[in-house]
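The values are calculated or read from the model by the stated rules, or taken from the named source; none is laboratory data. None of the values given here were measured: they were computed from a predicted structure. Ideal geometry is used to build each Cβ from the backbone, glycine not excepted, and the neighbour counts take in all protein chains shown. Each accessible area value is taken on the protein alone, full model and side chains, heavy atoms only, with ligands, DNA and RNA left out. Shrake-Rupley method; radii C 1.70, N 1.55, O 1.52, S 1.80 Å.
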Amino acid sequence: PSFHAHSPGSNADDFAIATGHVTGDLEAVYILDFKTGSLLGSVMNKQTGEFQNFYKRELAADFGLTAKAKPKFVMVTGAMQSAKAQVPIYHVLYVAELNSGKLAAYAMPYRGEQSVRGGSTAEMMFMHYIPFRQLPQQRAQ
C-alpha cells in the first residue's frame, strides 16, 4: 500500500492531515490541530461510507508543551508490523515537534468496524519517542 502526508495549502501553519492503511483495503485518516495539540484519527465504515471509528490523543504531555507554546508539527505514516502491540498494527504515525526536538510514534488500535461503537472515541496508542536532536551515541565494538 502507498502512504501519503498532506498539508493543506492555506492552513499549513495550523493543521496537518495524513493517511495510512490499517488493513490491506481500509485506510485511516489522521488530523493534527496545531493550535490545540489534538491528534484525531478515524476509519470510514466500508458499508455506510461514514466515519465510524474515532481515536484521539492530546499531544501536549507527550511533547512537553505548555499552554503558551506555539508547536511546529510534522507528521507522516509508515509501514510497520509490531509483535509487541496488543492488536495488529499495519502502519504507524510518526509525529515530530520541532521546538521540543522530539519524534513520537503512534498507532491506531483498530479492531474492526465495530471496535468503537456509537460515535465514542478511543485513545490513540503511544508507542515510543526519541529526542531527535540528541540521538544516543553508538557504542564502540
Which pairs have Cβ atoms under 7 Å, sit 6 or more apart or on different chains, and link a residue in the range 61-73 that is in contact (Cβ under 8 Å) with a residue 40 or more places away in the chain and over 12 Å from G101 (Cβ atoms) to one that is part of a loop (DSSP other than H, G, I, E, B) and open to solvent by less than 100 Å² (accessible area, probe 1.4 Å)? F73/F34
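Kindly evaluate T77 against the criterion of being closer than 22 Å to D14 by Cα and modelled with pLDDT of 85 or more. Reasoning before the result, please.
Values: closer than 22 Å to D14 by Cα: yes; modelled with pLDDT of 85 or more: yes.
Judged against the criteria, T77 is a match.
Residue under question is P136, and the condition is that it be open to solvent by 100 Å² or more (accessible area, probe 1.4 Å), farther than 18 Å from L39 by Cα and at pLDDT below 80; does it hold? Before you say what the answer is, go through the steps one by one.
Details: open to solvent by 100 Å² or more (accessible area, probe 1.4 Å): yes; farther than 18 Å from L39 by Cα: yes; at pLDDT below 80: yes.
Judged against the criteria, P136 is a match.
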Within the range 53-65, can one find any residue that is in a loop (DSSP other than H, G, I, E, B), farther than 19 Å from A18 by Cα, open to solvent by 60 Å² or more (accessible area, probe 1.4 Å) and modelled with pLDDT of 80 or more? no
V22 fails exactly one of (1) in contact with a Ser or Thr (Cβ under 9 Å, 6 or more places away or on another chain); (2) crowded, with 16+ Cβ neighbours inside 10 Å; (3) at pLDDT below 90; (4) not aromatic (F, W, Y), namely (1)
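Within the range 36-47, take every residue that is open to solvent by 30 Å² or more (accessible area, probe 1.4 Å) and at pLDDT below 85 and give me the one that is nearest to P109 (Cα to Cα). First the steps, then the outcome.
If we filter the range 36-47 for residues that are open to solvent by 30 Å² or more (accessible area, probe 1.4 Å), which is where we start, we get 36, 40, 44, 46-47.
Restricting the remaining residues to those that are at pLDDT below 85 gives 44, 46-47.
On the way: M44: 15, K46: 18, Q47: 20 Å.
For the range 36-47, the residue satisfying everything is M44.
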